[in-house]
Structure formats: structure tokens, C-alpha cells
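The values are calculated or read from the model by the stated rules, or taken from the named source; none is laboratory data. Owing to the predicted nature of the structure, the values given are computational and were not obtained by experimental measurement. Cβ: placed from backbone, ideal geometry, glycine included. Neighbour counts: every protein chain shown. Keep in mind that these areas ignore ligands, DNA and RNA; they rest on the heavy atoms of the full protein, side chains included. Shrake-Rupley method; radii C 1.70, N 1.55, O 1.52, S 1.80 Å.
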There are 2 protein chains.
Amino acid sequence: MNAEESVELEQLMFVEEPMDGDEPRVHPAWLPPEAFRSLGARRVLLHGEGLLVDTVLNEVSRACARYGGRVWHSPSWDVDVDLVLALRDADELPNPSVEAARAAGEAALVELGDGGPLGDEGFVLARAGDVTAVLADAPAGLLYGLFHVVRLCAAAFDPARPPERHRPALRRRMLNHWDNVAVHPVMGQVERGYAGGSIFWRDGRPRGDLARVREYGRLLASCGVNAISVNNVNVARTEALLLTERLGDVAEIADALRPYGIRVHLSVSFAAPVLLGGLSTADPLDEAVRAWWAATTRRVYDRIPDFGGYLVKADSEGQPGPFTYGRDHADGANLLAEALAPHGGVVHWRAFVYNHHQDWRDRSTDRARAAYDHFAPLDGRFRTNVVVQVKFGPVDFQTREPVSPVLAAMPATRLAVELQVTQEYTGQQRHVCHLGPWWSEVLGFAPWGPDGRTIADVVTGESASGGGMVAVANVGDDLFWTGHPLAQANLYTFGRLAWDPRRDPTAILDEWITLTFPPSATADAELVRRTLHEIMDDSWRTYERYTAPLGVGFMVNPGDHYGPGVDGYEYTRWGTYHFADRDGVGVDRSLASGTGFADQYPPYWAQVYESPETCPDELLLFFHHVPYGHVLHSGSTVIQHIYDTHFAGVDEVTAMRRKWQTLTGMIDPSVYERVAERLDEQVRCATEWRDQINTYFFRKSGVPDERGRVIY
Amino acid sequence: MNAEESVELEQLMFVEEPMDGDEPRVHPAWLPPEAFRSLGARRVLLHGEGLLVDTVLNEVSRACARYGGRVWHSPSWDVDVDLVLALRDADELPNPSVEAARAAGEAALVELGDGGPLGDEGFVLARAGDVTAVLADAPAGLLYGLFHVVRLCAAAFDPARPPERHRPALRRRMLNHWDNVAVHPVMGQVERGYAGGSIFWRDGRPRGDLARVREYGRLLASCGVNAISVNNVNVARTEALLLTERLGDVAEIADALRPYGIRVHLSVSFAAPVLLGGLSTADPLDEAVRAWWAATTRRVYDRIPDFGGYLVKADSEGQPGPFTYGRDHADGANLLAEALAPHGGVVHWRAFVYNHHQDWRDRSTDRARAAYDHFAPLDGRFRTNVVVQVKFGPVDFQTREPVSPVLAAMPATRLAVELQVTQEYTGQQRHVCHLGPWWSEVLGFAPWGPDGRTIADVVTGESASGGGMVAVANVGDDLFWTGHPLAQANLYTFGRLAWDPRRDPTAILDEWITLTFPPSATADAELVRRTLHEIMDDSWRTYERYTAPLGVGFMVNPGDHYGPGVDGYEYTRWGTYHFADRDGVGVDRSLASGTGFADQYPPYWAQVYESPETCPDELLLFFHHVPYGHVLHSGSTVIQHIYDTHFAGVDEVTAMRRKWQTLTGMIDPSVYERVAERLDEQVRCATEWRDQINTYFFRKSGVPDERGRVIY
């Protein structure tokens, strides 16, 4: 068994080769020119000044040049227009269109107003006679208003359209790029990247394609994202230097993204004072350390005045942190917060902390408990410009986990929920897996019981003071940005949910489909739309069906996390076990007989999760070790459920592929082919999951499938 | 789960860092200066001429300079000596010592003679009055005779010592280096190398340390190895060039090894005519291809007149081969043999060919059958200068496998048996695992039944016409050559068994201990000797006890093959399964109900292996799927045997470590520390094996340990 076995490992990294010859045209994602057709045919008046107003002007000009419309920027004479985009406090002009629009907008604000201001990013849309008016208090609001008009298409100009007021529920809507500057010997250029290289970095240096970065910023702005971190939370030597001698590389990215209202954040090493500053300690209570962070941060803001702040993974999976100095996470986070405060910056401090040298023989330690055990006691100790960033589940971005109890345990702390747009455990952008429904379920979870506040409420906070939403990014230098063209929808959906976490994810998907696949001469747009919904709407649940059952999680190949490996993590130090034996399967996390994790929830859910009788089916094996014959609420036994869902999952993937094939000729051939290839792989891989999971549990349980299907 | 998980993967590659400052002194292995003490105190007369005679002269001179002896090279006057080393046919000199020695030697030859010649490598040792005489027909014989005298120490000069005649049973005693010239992205510098980098290559170029290569040659000559291949059987682009434009790099190695009687061979790509020659085909029956190989081989011999020949892995694990052209392995091998024949070279053609894209669901395909199915039908079709090189077992160098039936299936073919000195599946030179007893068992196996010929007979052949013994090498640029200092014994043992495959491996180990750990002021040599025997003699069986049970094999971590991974290969394409379920475990390879592999043996063993009642315990699960309650010949059940051997194995390793600790202060501290560290790791890893294997089978079988020990 030799080199080829290893080559296979390499192939799992799945790096797209650049095509021969010319740099390939980059796919426009959900902003193809045709999406601007309705806007571009209008007469548009733009009123206001500023960098982001210029961005709006560029967008409108480009659209009008293509589709025959016309644009004026603050003319001092009267013009007959269809659309006014105006800042409310811009200088008065003797222009009746602006005046009428402004009046209609102000009236709408009174009608819809909740007393709160529109804010930097909000806008109002109203009809004033034959004119559609978009009013905002600040340039970013105009930019978001413009993209709203694009999404509405003709509906934005419907005379009967009632007025609308839009403000983001969350102040910070952030993507974390786990991009490495230098190629990591094993993780490559992008850790958990499934779309080729980084759009920012290549082989230890900036990639040098700022046009691509700008294009990325435009996509993000159009779905509402307003912050990114530009390097991996695992900060290695080269990446640490971004804070100091390589700061210019970060400033270039910030300059490219600023016109789209996107602020840049940096992942930093807690050991930076030692690594970069030559100090002998990084102790957060040491005066020299505080001074070093203050001075270093000042230099960052000298160069990047709108710098967002720091992102830190500390005392986690080998990263340095305050534990080295006998300090806790509050001490550590507050150190950086103090340095950032004078400049308006924030620290995102990750709660993903656990013992990653666990002994699989030790059943008393439970990785699921770790974040709560570490962080809940610190509630109230974090400075106001600290955001504690909590992975949505207690383990690690699984296809199905309960919602992290940390999110209900720190009322006096600004909390952000961390999602994973990059599909590490959900098919790695080779599988269609639309994550909107899963994220909505998480955001809609009410930790204090059905009538209580939700995760969306927690991260929104009082008066938008919450920590917001953060997600690990899924783009790379791939032609389609995301490897799988349909994975673009996850990026879009994240942005739109971060703008309004209570929105219906299927409605968001519908927006994405409509923008991405506009009507064309060769396509039946309605058929395409319906087919894509059929393929994507339920695809996360399909993925769940053919992979790890009933919330048990982590039955994946170690290392790359793609494909089945039922015992792959069972005897490792990573704390992710299923304890399957000949009689049953699952982890007892009850208070009565298990690790007590269930008791980390507020009483309502603590009680529900405590008993296998009340625990929801989909989380049963996360909370309980039960016999294979245990009867679920669905009426099925655990073992028969495993068989049934795995057969069903593969059938559903096969159906997805068949449905996609009906779209031949209606889709850009390059998109069609890429999706078709990946659906082939999804069918192959889902079949592998089905057969390995079913065989594994049949060999263990000895229980035959009721329906006599083939198990190996 | 992030970078650190992967870093762990990297660490498994286990590359030794060079020490700071000076190049570390290389450990002398079994040739420390003290091993020459007895020789070096004598008066020695050397008679004869030639490159290898000069080598003998250097060895003797160095020893005498250190220990006060004296050496003469063919003096024309009379000298009073203790030892004469002489070529039989060298010019007569009026020297009574030589004459007396020659006479004694000739008399011994008559007394001991079997009618056969001494050959190029044989020698006779006899006493002539007060003189010990070593006579040989050729310089290599003198060199081997010299090392024999070194091994004998004072016993070589015992007046009562009867005469001895030595000839190697096997003409070719070969090591294959799986060393890459360029660092392979995953396999590194040495594929399956556990002793640092290559002694030949570094980062795509020759390593440039020819002194080290010469020292290696000296070690090999002293244990009897006379051929090596210098590059990996998986031939990548850079390595392919060794045959042509980089031939000079090979010639340098050949020059360095020639004084020790070692010939250099080269692993070549079957696709070389296309890769290097610019031809459109590598079809073995194509005239241009034949001409290309003939011309290329002629150029090789122009540069390296004693070049050994080619080693080929064809149509195996992705390597190119004759199948591409609809030809078979005989066609392929004969093509190269034809090119080599005029120059006296040989082709080693590996029989390690199987389908490495097997579907684990398909129980009709059996990797164990593959080599026989491919090669047995070709018997008689290979040219006489082809050696078909057969891995000792039908799968892949496992700790326990049956002996390959191919070795009994090709009477009209020259066969070599391939062993693995590098401990890929036997502890990777972090575990003490002395392989001599295992190899002896393989060599002593009588495929036609207890009274028939053995594997040793097969590879020896009629009049030494057999294919010989080959092994994958275990040295690297490590300070101790082999990572684990005690792994040197495996290299030594291979050489000595290749010289005489019927020798007792414990006696060989005793030689190695005596040479490597000579008496010193601080050591009780007898205690050291006894302790090392206690640690090493049974260490292979200990390793077997705590790893995969009863011949089932391959319960290792995929990729690196170190440490337990019971299901690691169970659902892969590599054809290595155990089929454990809740009722039983093992692979049915019987003719009656299984894959029929058992029937590939001659009738005696075919019958023995066919039934679980007659199959030897240690191979039971290789040949049969049996219930956990199946009673072994030992009287234990399969499941209880698993528990008992795994507990016993760890106890034995713990005892090994304890025994080693009794040697503190008696061993070179650097050797002591290195072994001590590795014994710690062996205890850790053996414990992991015990607990994972026991837990796995307890969870599956539900059968408790009779003795109530802890299983998790």
C-alpha cells in the first residue's frame, strides 16, 4: 500500500486548477447584468455625497448604460424620473422630484416609524406619485436601498406598492475567512476551503487581484454583509505579521472593500507581544503587554481608520491564550478590548474552547459541556466592546446538534452566534446542502421555552446591542466563487438572515434563484425556479438523512471530514464519540445518569432533553444512549429509522440529479456541467454513506431491515 | 477541529531533526572499534590483489593501528604471523606462512568439500599450526572471511578450532530502498521510512554525503548483503531520470559501494520509453521500444560496468505496466531482461499486483488471491535473467500472514522472496520488534507439506540458481541509522539470513548483540546480552499479541499504518477487511464457502487451511469467519484469546521497559536514552492497541472478559 493511497488523501483537498491560457471569467453569482434590467431601463436621480454614494452612482450608471435608462446626480434643474435615491440630510436643491420623494419618504417614516432612527444602514422605500423614492440617513443605507430595488425588479415601481422601512436587525454581519497567507503544509491555502485558493492570499503573499476583492465586496454588500476577517483564526507565524509589518497588505484589502461598506477585521495571535513585540510575556495583566497592544492598535488605526477589530481563538486547539499566565478568557479579551476601545473597535473572542487531548476511555469528560463550563461563569466580566462568539452548537458545526446553551447563559455579555457557511461537515461544496433552514431553526430556537426569547433575539440584543451573526466564509478563487455553484445560495442566505434573522429561508432562496437565474430566451424561468426549489429547499434534511443519524454526529473521516467514517473519531482524543455497541448507540448527556450536559439549558429544555421520552427524535442520540429497538416519536425504532432514512436520503439525491438533468439547455452550460458533475459525486458519496452506516449498524445490531433491502 | 489535528498527522512522519552545530557522529551500529579488538592485536598477513583486497587491508590496518597489531601485504620475506588472509590463485611467493596457510586451507577444502567451488564469495577458515588461515577464490570471499574473523573474536584463534567452509546459500542478497529523490508531497523523502531522510537523496538531489554511503556499504558487507536498489519502486518523474540524464548520480553511489562488493540496481518506470525516450508507446513487443531499452541499458553499463539490473513495480497501485498494451507481465519483464542479458544484469519484477479499487461490498474479489492469479499462469514464460520478486505473504507485509502460495506455484521461474526490514506494519521503528523469528518461520515453511522443500529451498534454487532474498531497507540519515537503535538488528539479521536462510535467528541476534555491545569497563557484558535477549527474542510475538489478532491483519490507521484503527480499512477500496459483526469475525477464504484462496496452496496446506478445525490458530481469522465462541486449538475461545493476548502483550512491553531500565549506566547514554524514549512510546501505543481492540470486540460481541479486567 503505497504512494497512491496518499495521493488520494491529497485529492481530498480538491484544489481547482486554473484553466489553461486566459484567466477564466468569474461567475457573476447573484448579480448577473440581467438582474439590473428593470433598474437599468429607468430614469434615476441620485442625491447625496460620499464614497458609498459614488458606489451607488456607479451601479446605476452601469445598469442604465446597458439597458437604456438615464441617471442624474443631484441636478439643480428639474428632471422627470422614475426613481429617487436620496440622503435625507443632503443639501436642499430646488428640485421638485427630490422634494416630492423626500416628502413621501418622510410621510412613510411617520406611518411606519417605531420611534427608532433609520441608522447608518437603514432606508425607506415609498411611492410618490409615479416615482419610487428611497431615502436613507447615510450612504450605506442608500447602497442597501439600491440592492433592494434590484431584488424587487419591476415590483419596485408598482404604483400600488405600500411604503417599506428596512433596517438591519444586527449591527455586525460578519464573515470569517479561514484563509492562510502562507500555504499550511496540511490545511493548504484555505483551512476548510472547498473552493480553491484564497481570494486574498497566495503562497505567502497577497494574491494581488484587488479587482476580485472589490467584486467580492459588491456581492457581500448586495446581501447585507458588512464585516470580514481576512485571515484564519489559527494564526501561524506569517499570519501573525499582518498585525504589524504586513499591515499594508490588510490596508489594501480594506481600501478595496470600503466602497461597499465592509470593514476589515484581523485574526490575531494572543502571543503577539512575544512573537512580534519581543516581550517576554503576553500576560494580559502585565503593563508592558497592555502598552504594546495599545501602541500596536494605534498604528493599525493610523493606517486603517475604519478597522473593525480583532478576532481571537485563544487557549483552543493549541492556540496561545491567557491560561498560560493563570488568567481567564475575560482577562484576555478585555486586554484587547481596552486597546481597541479608543478607536471604536471590537474584539470577537471565540468560545470554542475544550480539552482536545481527551482520553476516549474517560466518559466523565464531555466536550459538549466545555464552552459553557469555561464561559458562563465569566458573564458580566467582559468589556462592552467584547463580543463572545459562540458556535451555534456545543460541538462543532455538525449537520445536527442542539443549540449551544452558552447562548442562553450570558445575559450580561454581548454574544454573537457563529455559523459555518463553508460546508466542512455538510458536503464540502460537492453536495447540494442549502443551510438556510438549519440556520433559521437555530435562530428561532427559544432556549427559555416556546414563548420566550429566541437566539435571534439574543444576538440582536436590546436596541441592536447584541453581538450579531458571524459565519465562516465559503468562497475561494474558484470560477464560481464557491466550488459548487449552488453553494452561492448559502453565502447569500447568510447575509440576508444576518440582516433579518426572522426571515423565511425559503423566501430568501427564492430571491437568490430569481437574481441568479434571470429569464432568458432559452429558459423557462418558472420551471428553473420550481426545479431549483425542489432540489435545494429540503437538501439539508436530505443530507442529514444519509449521514450521521439522530443527532449523533461526527461519523466522518478524520482529518478531512468528508465521507463516512463511523468509528473514525471513536477512539481518538477529540471528544466526539457515539459509543455504539451491539445493544445500542448514543451519548448519555442526561443529568441523572450521564455527563449532565442537558442541565446546562434553562429549565424548559433541560427537562425536555433530560429524558429519552421527551427528547426530540432528531437529537435523541446526542442526549441519550438507547437500545436499537427504542421506539421514536415517529413510531419507528432507532435501527429501522437508520435504515429508512439512509435509503430515503440516497433516493432523494438520485431524484435531485434527475431533476437537474431536466434543466439541460436552460442553464449556462458551465454552471450546468459543474453542478451535474457534483451531483454525480453526491450520488456516489451518499450511496457510500448509506451502505457504510447501514452495514455498520446491521453488523452491530443484527437487526434485519423490515423491508428486506440490501445491506452488506 | 483544525490545524492541530493535521499537525499530528505530520508528526506521524516522524522526521529526525539534525542537531544544532556539528554534524552528529553517526552510530557505528554493529561495527564499533571494539569489535575489532581481537583482530587488531594480531600479526596479519594479507595476500592477493584487487579492490576488495584493498578494503580488507584498510580494515585490518585500522584495527592493528588501534590495538597494537601489525599487518603485511604479500611480503617477499618470511614473517611470523597469527592470521593469513589469502587468495588461492594469487602469485606464489617464497613465504612459508602463506604456504603453510594455503596448505591447511586446501586440506580443509578437501575434508569439507562437497565438490562445489568456493565461488566468488566463499571462503575457508582453518588452523595451520599457530596460524589461522582464511582462503578464498576471489576478493569478496576474503572480505567476508575477514568479517567472519571479526565476529569470531578470540575464537578465530583457538588452536582447537576445526576447519570451516562458508558460502552464501543465495547468490543475490538485496535491499530495496524506497527512497525518493524528490520529496513526495505526502510520503516524504523515504516512503515508509522511519529513520529520517534518505542517505542517498535530499530535496531532489543527491545528498552528497558519500562517506556515509561508504559506511553503509561496510555495514552491509559485514552482514552479507551484496546488492541494493537506490530508489523507490514507485517511480515518479524525478526518479525516472536516474536511468538517463541523472545516471551520474547512480554511478557515484555505485563507486562508493563497489569496494564492499555491493552492486547497484535501479527501480525504473515501465513507461520510460514514453517518459524519457519520447516514444509514443512503451509496448513491450514494439521494436522501437526494445531498441530504446537496449540502447539505454548499454549506456548504463558504459557508465556502471557492474550495474546489477532493474527493479520494476508494474501495473500495481497506479504504476504503468504492460497491461496498457494488452501484454502480460512476462512480456513486460522479458523486454527488460533482453536488454540486460548481454551485460549480465537481471530484472526483479514484483508480483505485488492486485485491484486497488476494490468495492468493499463485493465479497467475491479477494486481494489475497491476486498475485497467484496474475503470475502462476505465467510460469515458464520468463527469461532466465528475470527474478519474480514475491512478497512473503499474499497481502502486504503484515505481522502475521500465511506464506504466499505464489512461492510454490512457479517451479520454472526464478523466485525471490521479499521481506520488509523497514517496520511499516510492525511498529515503525518506534516499537522493539525483532523480525528474525518471523522471517525464519517464513523461510522454513514447507509449502508441499512437512517433509517437502521449504521457501528457503525455493529461493536458493538448484545450485544457487534461485532468485534470492530481497528486503525493503530500514535505514535513513538518523544518528542510529534505523531510528530505534535495536532495529539495527533487523537489518543485520536480514543479511545473515540471506547468507544462510536456515540459521537460527536467535543465534544471529546473539552475534549482533555481541558485536554491538562489546564488553566495557562500565558494563556487565553478560548481563547486557541476557537482558537484550529477554527484550528482543520474543518481541515479534509480543507485537503480534497486542495488535491485530489471529492473522486477521490490517486493523491499522489508514495512511500511516501506525497504531490501531480496527475499522480503518473496513470500508475502503484496498481489499483488506475483517468482516467483524456481532456474531463473529474473519475472512472466509475456504474453497467450500469462501473466496477459494486456500486452494491456491499445494494439497497438504490447501487441506489444512480449508477447515477451521485444522487451520493453525494464528491464521484462523485469515482463512475463516468464525463465531466469537469458536474454541481454538489452545482451548481458549476466539474472544477470550483476543482479550488474553492483548492484556499479555501490554504486560510484556511493560516488562521490556523495566528490563531496559536495569541497563542504565551500562549502555552508551545516547543509545540508552533513545531506546528508553521509544519504549515509553511502545508502552503507550501497545496500551492503545489493547484498549481499542478489546473495546471494539467487547462492544461487538457483548462477551465479558472471563477474568473481569477493565475493558472500556
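Could you say whether any residue in the range A:286-296 is open to solvent by 30 Å² or more (accessible area, probe 1.4 Å), of a type outside the set (D, E) and on the phi > 0 side of the Ramachandran plot? Among the residues of the range A:286-296, not one is open to solvent by 30 Å² or more (accessible area, probe 1.4 Å), of a type outside the set (D, E) and on the phi > 0 side of the Ramachandran plot, which makes the answer no. Of the strands (runs of 3 or more DSSP E) lying entirely inside the range B:23-91, the ones with 1 or more residues being charged (D, E, K, R) and touching a residue at least 12 places away in the same chain (Cβ under 8 Å) are found at B:43-47, B:70-73. Scanning the range B:663-701 for residues that are open to solvent by 50 Å² or more (accessible area, probe 1.4 Å) and under 21 Å from A:P627 (Cα atoms) gives a single hit, B:F698.
Among all residues of the range A:259-266, there is at least one that is in a helix (DSSP H, G or I) and either within 18 Å of the chain's Cα centre (by Cα) or away from chain B (no Cβ under 14 Å) (or both).
Tell me, yes or no, whether the range B:347-366 has at least one residue that is under 19 Å from B:G467 (Cα atoms), among the hydrophobic types (A, V, I, L, M, F, W, C) and either part of a helix (DSSP H, G or I) or open to solvent by 50 Å² or more (accessible area, probe 1.4 Å) (or both).
For the range B:347-366, residues under 19 Å from B:G467 (Cα atoms), among the hydrophobic types (A, V, I, L, M, F, W, C) and either part of a helix (DSSP H, G or I) or open to solvent by 50 Å² or more (accessible area, probe 1.4 Å) (or both): absent.
A quick yes/no check of all residues on (1) within 14 Å of another protein chain (Cβ to nearest Cβ); (2) more than 29 Å from the chain's Cα centre (by Cα); (3) charged (D, E, K, R):
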position	(1), (2), (3)
A:R657	no, no, yes
A:T662	no, yes, no
A:Y672	no, no, no
A:E677	no, no, yes
A:Q692	yes, yes, no
A:K700	yes, yes, yes
A:D705	no, yes, yes
A:G708	no, yes, no
A:I711	yes, yes, no
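For the range B:381-425, a tally of residues being within 19 Å of B:M555 (Cα to Cα), among the β-branched types (V, I, T) and open to solvent by less than 10 Å² (accessible area, probe 1.4 Å) returns 1.
Can you find a residue that is within 14 Å of another protein chain (Cβ to nearest Cβ) and open to solvent by less than 10 Å² (accessible area, probe 1.4 Å) anywhere in the range A:433-443?
For the range A:433-443, residues within 14 Å of another protein chain (Cβ to nearest Cβ) and open to solvent by less than 10 Å² (accessible area, probe 1.4 Å): absent.
Take A:R214 and decide whether it is under 29 Å from A:E34 (Cβ atoms), of a type outside the set (S, T, Y) and out of contact with any strand residue (DSSP E or B) (no Cβ under 7 Å at 6 or more places or on another chain).
yes
For beta carbons closer than 7 Å, sequence separation of 6+ or different chains, a first residue in the range B:619-631 that is closer than 18 Å to B:G596 by Cβ and without any contact (Cβ under 8 Å) to a residue 24 or more places away in the chain and a second that is open to solvent by 50 Å² or more (accessible area, probe 1.4 Å) and in a strand (DSSP E or B), there are no qualifying pairs.
What residue, of B:R496, B:R453, B:R502, is in contact with a Cys (Cβ under 7 Å, 6 or more places away or on another chain), closer than 24 Å to B:G116 by Cβ, open to solvent by 20 Å² or more (accessible area, probe 1.4 Å) and not acidic (D, E)?
B:R496
One residue alone among A:L275, A:L257, A:L279 is within 22 Å of A:N231 (Cα to Cα), open to solvent by 40 Å² or more (accessible area, probe 1.4 Å), modelled with pLDDT of 95 or more and touching a helix residue (DSSP H, G or I) at 6+ places or on another chain (Cβ under 6 Å), and that residue is A:L275.
Residues that are open to solvent by 40 Å² or more (accessible area, probe 1.4 Å) and in a strand (DSSP E or B) within the range B:158-183 comprise B:R165, B:H166, B:V183, listed in sequence order.
Yes or no, residue by residue, for (1) under 25 Å from the mean Cα position of the chain (by Cα); (2) hydroxyl-bearing (S, T, Y):
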| position | (1), (2) |
| --- | --- |
| B:D130 | no, no |
| B:Y144 | yes, yes |
| B:H148 | yes, no |
| B:L152 | yes, no |
| B:D158 | no, no |
| B:M174 | yes, no |
| B:V190 | yes, no |
| B:L210 | yes, no |
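Only one of the numbered conditions (1) farther than 22 Å from A:Q389 by Cβ; (2) within 14 Å of another protein chain (Cβ to nearest Cβ) is not met by A:E215, and that is (2).
Checked against (1) open to solvent by less than 40 Å² (accessible area, probe 1.4 Å); (2) touching a residue at least 40 places away in the same chain (Cβ under 8 Å); (3) within 22 Å of A:H434 (Cα to Cα); (4) of a type outside the set (S, T, Y), A:F597 passes all but condition (3).
Of all residues in the range B:124-157, those that are over 19 Å from B:N226 (Cβ atoms) and open to solvent by 10 Å² or more (accessible area, probe 1.4 Å) total 10. Which residue out of A:V225, A:V233, A:V186 is open to solvent by 10 Å² or more (accessible area, probe 1.4 Å), in a loop (DSSP other than H, G, I, E, B) and of a type outside the set (S, T, N, Q)? One residue alone meets the criteria, A:V186. The residue list A:P704, A:P627 contains one member that is surrounded by fewer than 21 Cβ atoms within 10 Å (Cβ to Cβ), in contact with a strand residue (DSSP E or B) (Cβ under 7 Å, 6 or more places away or on another chain) and farther than 30 Å from A:A521 by Cβ, which is A:P627. When A:M536 is tested against the conditions (1) touching a helix residue (DSSP H, G or I) at 6+ places or on another chain (Cβ under 8 Å); (2) aliphatic (A, V, I, L, M); (3) within 30 Å of B:T687 (Cβ to Cβ), the lone failure is (3). Exactly one residue among A:W540, A:W574 is closer than 30 Å to A:E317 by Cα, under 25 Å from the mean Cα position of the chain (by Cα) and outside any loop (DSSP other than H, G, I, E, B), and that residue is A:W540. Note on the range A:282-318: among residues that are of a type in the set (D, E, K, R) and within 20 Å of A:N232 (Cα to Cα), the one that is nearest to the chain's Cα centre (by Cα) is A:K313. Can you confirm whether A:A100 is within 12 Å of A:R165 (Cβ to Cβ) and buried (at least 16 other Cβ atoms within 10 Å of the Cβ)? Taking the combined requirement at face value, the residue does not satisfy it. Scanning the range B:566-575 for residues that are facing another protein chain (nearest Cβ under 8 Å) and open to solvent by less than 10 Å² (accessible area, probe 1.4 Å), we see that the one that is modelled with the highest pLDDT is B:V566.
For the range A:379-397, residues that are among the hydrophobic types (A, V, I, L, M, F, W, C) and in contact with a His (Cβ under 7 Å, 6 or more places away or on another chain) total 1.
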